[in-house]
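Report on one structure; see the data block that follows.
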Amino acid sequence: MCLAIPVQIKKINKDTAIIDADGLEKEASLALLPQAGVGDYVLLHAGFAIQKINEADALESIKIWNELKSL
């Protein structure tokens, strides 16, 4: 089973993005998703953005993830 987490793109430099993963900023590759832009929410897996998702779905997933972390 694979796990992808929703993150928001904050900055882009060529094919690398700075993403915000629940307050943690990291670099991620956009090689598989070159059409992603600043402000987009994407699913991140193994350091790669693999799919764009809408903001409502991303925020709901983040909310559920945070609820699970607090159990």
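The values are calculated or read from the model by the stated rules, or taken from the named source; none is laboratory data. Given the structure is predicted, the values throughout are model-derived calculations rather than measurements. We place every Cβ from the backbone using ideal geometry, glycine too, and count neighbours over all the protein chains shown. Keep in mind that these areas ignore ligands, DNA and RNA; they rest on the heavy atoms of the full protein, side chains included. Shrake-Rupley method; radii C 1.70, N 1.55, O 1.52, S 1.80 Å.
Pro6 passes every criterion in (1) open to solvent by 40 Å² or more (accessible area, probe 1.4 Å); (2) in contact with a Phe, Trp or Tyr (Cβ under 6 Å, 6 or more places away or on another chain) apart from (1). In the stretch 9-30, how many are open to solvent by 40 Å² or more (accessible area, probe 1.4 Å) and touching a strand residue (DSSP E or B) at 6+ places or on another chain (Cβ under 7 Å)? Going through the stretch 9-30 one residue at a time, the tally reaches 9. Would the stretch 45-62 turn up any residue that is modelled with pLDDT under 95 and of a type outside the set (Gly, Ala, Ser)? For the stretch 45-62, residues modelled with pLDDT under 95 and of a type outside the set (Gly, Ala, Ser): present. Scoring Asn54 on the criteria (1) open to solvent by 90 Å² or more (accessible area, probe 1.4 Å); (2) out of contact with any Leu (no Cβ under 7 Å at 6 or more places or on another chain) leaves a single failure, condition (1). Find the strands (runs of 3 or more DSSP E) located wholly in the chain whose residues include 2 or more that are β-branched (Val, Ile, Thr), and list them. Counting at least 2 such residues, we get 5-13, 16-21, 48-53.
Would you pick out the residues in the stretch 31-46 that are within 12 Å of the chain's Cα centre (by Cα) and surrounded by 10 or more Cβ atoms within 10 Å (Cβ to Cβ)?
First, the residues of the stretch 31-46 that are within 12 Å of the chain's Cα centre (by Cα): 33, 36-46.
Correct list: Leu33, Ala36, Gly37, Val38, Asp40, Tyr41, Val42, Leu43, Leu44, His45, Ala46.
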